[in-house]
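Enquirer: Please see the structure below; I have some questions.
The values are calculated or read from the model by the stated rules, or taken from the named source; none is laboratory data. Owing to the predicted nature of the structure, the values given are computational and were not obtained by experimental measurement. Because the Cβ atoms are built from the backbone with ideal geometry, glycine has one as well, and the counts that use them run over all protein chains shown.
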């Protein structure tokens, strides 16, 4: 049944267009043209973000910062292996997946760090990427409290990931 959902949805759109006498293909092309314009508008922000991520990782800053905050996170019961993931996740989804894969290959997926990393990947957001894309497309300049509240939510997700895994699985 689930394989018929999308074709049925397309058929419903086509039938509704026929009844309302709407040029469905023309509207589709118009929407695609607008989407390409939006993609072009956010491209500079995405290029800057990807460049910054590459520089952050290549410079060794990720490892340096991870080492600096490891004693604090160890006190909280947060696994040291997951610190780079917590640092890169708000910035880049693809970078976070690479770090996540590295964690799983270095330690077992069934280890505490592997499970915490798995919960973190599923329960946190690529904050800066999302803000860059959505605010870039809507041309919002003043983010006000969005970044602070989003990073607070990310930190809460990181801490609760470790706590939840410890309480439920260990």
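Enquirer: Output the number of residues of the stretch 90-100 satisfying the condition of being touching a residue at least 40 places away in the same chain (Cβ under 8 Å) and either surrounded by fewer than 22 Cβ atoms within 10 Å (Cβ to Cβ) or touching a strand residue (DSSP E or B) at 6+ places or on another chain (Cβ under 7 Å) (or both). Steps first, answer last, please.
Expert: The first filter runs over the stretch 90-100 and keeps only residues touching a residue at least 40 places away in the same chain (Cβ under 8 Å), leaving 90-92, 95.
Imposing the further condition that a residue be either surrounded by fewer than 22 Cβ atoms within 10 Å (Cβ to Cβ) or touching a strand residue (DSSP E or B) at 6+ places or on another chain (Cβ under 7 Å) (or both) reduces the set to 91-92.
Adding up the residues that qualify gives 2.
Enquirer: Separate question: Would you check if there is a residue in the stretch 71-85 being under 14 Å from the mean Cα position of the chain (by Cα) and at pLDDT 85 or above? Don't jump to the end; show me each part of the working.
Expert: Initially, the stretch 71-85 is screened for residues under 14 Å from the mean Cα position of the chain (by Cα), giving 85.
If we keep only those that are at pLDDT 85 or above as well, we get 85.
Yes, the conditions are met somewhere in the stretch 71-85.
Enquirer: Let me ask you something else. Can you tell me which residues in the stretch 109-133 are outside any helix (DSSP H, G or I) and either modelled with pLDDT of 90 or more or crowded, with 20+ Cβ neighbours inside 10 Å (or both)? Let's see the steps before the verdict.
Expert: Pass one, the stretch 109-133, residues outside any helix (DSSP H, G or I): 109-111, 124-126.
109, 110, 111, 124, 126, listed by residue number.
Enquirer: Any chance the stretch 139-157 includes a residue that's at pLDDT below 95 and over 30 Å from residue 38 (Cβ atoms)? Can you show your working first?
Expert: At the first step, the residues of the stretch 139-157 found to be at pLDDT below 95 are 139-157.
Narrowing the set further to residues that are over 30 Å from residue 38 (Cβ atoms) leaves 155-156.
Checking the stretch 139-157: at least one residue is at pLDDT below 95 and over 30 Å from residue 38 (Cβ atoms).
Enquirer: Only one of (1) surrounded by 15 or more Cβ atoms within 10 Å (Cβ to Cβ); (2) at pLDDT below 90; (3) closer than 13 Å to residue 154 by Cβ is not met by residue 136, so which one is it?
Expert: With respect to (1) surrounded by 15 or more Cβ atoms within 10 Å (Cβ to Cβ); (2) at pLDDT below 90; (3) closer than 13 Å to residue 154 by Cβ, residue 136 is out only on (3).
Enquirer: Something else now. Quick one: in the stretch 41-89, which of the residues that are in contact (Cβ under 8 Å) with a residue 40 or more places away in the chain and closer than 22 Å to residue 119 by Cα is surrounded by the most Cβ atoms within 10 Å (Cβ to Cβ)?
Expert: Here the answer is 82.
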